[in-house]
1. Expressed in nm to one decimal, what extension gain is obtained for the pair Q67 and Y135 from 0.36 nm per residue of sequence separation less their Cα-Cα distance?
2. What are the ³J(HN,Hα) values, in whole Hz, obtained from phi via the Karplus relation 6.51 cos²θ - 1.76 cosθ + 1.60 with θ = phi - 60°, for each residue of region 29-36 in sequence order, with x given for Gly and Pro?
3. Could you pull out the trypsin sites (Lys or Arg not before Pro) across region 252-293 that fall in loop regions by DSSP (anything but H, G, I, E, B) with no more than 12 other Cβ atoms inside 10 Å?
4. With unit charges on the beta carbons (Lys and Arg positive, Asp and Glu negative) and the dipole taken about the Cα centre of the chain, which residue among L48, L110, A232 sits farthest to the positive side?
5. Can you tell me the length gained on complete extension of the stretch K284 to Q50, counting 0.36 nm per residue apart and subtracting the Cα distance?
6. In nm, give the distance between the simple-model label positions of D193 and H208, each being 7 Å from the Cα along the Cα-to-Cβ direction.
7. I want the local charge near H36. Using Cβ-Cβ distances under 14 Å, sum +1 for each Lys or Arg and -1 for each Asp or Glu among the other residues.
8. Using each residue's phi in region 272-282, evaluate 6.51 cos²θ - 1.76 cosθ + 1.60 at θ = phi - 60° and report the 3J(HN,Hα) Karplus result to the nearest Hz, with x for Gly and Pro.
Amino acid sequence: MNNWDEIRTAYHVAREGTVSGAAQALGVHHATVIRHIDALEGRLGVKLFQRHARGYSATEAGEDLLQVAGATDDQFTQLLGRIRGRGEGVTGDLVVTSLTSLSSLLTPVLADFQEQNPDVRIRYLTGDRLFRLEYGEAHVAIRAGAAPDQPDNVVQPFMKQAMRMVATQDYIDANGQPASVRDLAEHRIIGHDSATSRAPFNIWLRTHVPDDAIAFRVTDNRAMGDAVLSGAGIGFVPVWEMNRHPDLIEVLPALSDWEAPLWLVTHVDLHRTSKVQAFLTYLKERARDWAEKWG
């Protein structure tokens with residue numbers, strides 16, 4: 001088979017389930033998708049799809065072909081991601097990913113790095129999703145918790161995500177300040193909505209505070225910080241976030257049990273490129289300043 005465009009189109013129809021979905025994913029007109037499917041089925045002499053009211057579903061023959069097509073498409077995506085990152089200069093896209101809670105810390109660094117390297121286009125992707133570095137989805141990932149163990153990644157220790165238990169002055173004035181961990185049961189606590197969160201401070205909270213004391217629940221650390229600042233109760237924020245808001249009061253002394261290590265992760269194929277090395281060097285230099293402020 002020498003027409004990859006038709007096979008790739010069929011793969012996307014199978015993945016999306018509709019002609020319109022495949023057309024949108026490929027950036028082509030829906031008539032092009034239909035033409036490719038018809039041509040491919042005609043060339044093979046078999047039906048690859050069953051047409052029905054809700055869209056397209058692959059036949060047995062289609063499943064066989066599309067399994068190979070999917071693997072090939074992934075390989076092309078991986079190759080293109082690596083090629084795009086291999087430029088010798090500090091130019092083009094720089095894709096950095098981290099937890100949302102690190103945004104207030106990292107965004108100024110990214111902005112300053114771009115100021116010094118105006119040919120760089122920053123893409124800062126936040127959230128819990130683990131972007132696939134081996135597919136070129138990101139150049140640098142900053143991850144929390146246990147050291148990442150994906151193959152072909154370069155993993156470097158970065159810093160500690162130090163957390164503080166805080167509340168607003170208004171909350172303290174209205175409800176008092178707990179004198180010990182035992183007193184937390186008498187307060188409104190802000191916690192994570194998921195009982196499976198592996199963040200160290202959430203594990204500690206579930207162990208030391210009754211479930212019914214967690215009166216305000218959130219799904220990420222940024223929302224927890226917003227809830228604290230709104231006076232909803234006592235919660236955790238990173239130390240750098242506490243320092244940005246003078247109204248926040250540290251209600252109990254910080255514990256090492258609340259900390260999580262942060263890691264710098266890059267793919268081995270991109271780790272030594274000029275762009276990645278320039279950013280890592282700049283980020284580590286800024287992090288030394290953070291260590292002096294909050295170490």
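1. Fully extending the segment from Q67 to Y135 adds 22.6 nm.
2. Whole-Hz 3J(HN,Hα) from phi for region 29-36: 6, 4, 5, 5, 4, 4, 4, 5.
3. R272
4. L48
5. 78.7 nm
6. With each label placed 7 Å out from Cα toward Cβ, I get 2.6 nm.
7. Charge balance near H36 sits at -2.
8. Per residue, the Karplus-derived 3J(HN,Hα) values read 8, 5, 4, 5, 5, 5, 4, 5, 4, 4, 5 Hz.
The values are calculated or read from the model by the stated rules, or taken from the named source; none is laboratory data. Please read these numbers as outputs of a predicted model, since none were measured by experiment. Neighbour counts run over all protein chains shown; Cβ positions are idealised from the backbone, glycine included. Accessible surface areas use protein heavy atoms only, side chains included; no ligands, DNA or RNA. Shrake-Rupley method; radii C 1.70, N 1.55, O 1.52, S 1.80 Å.
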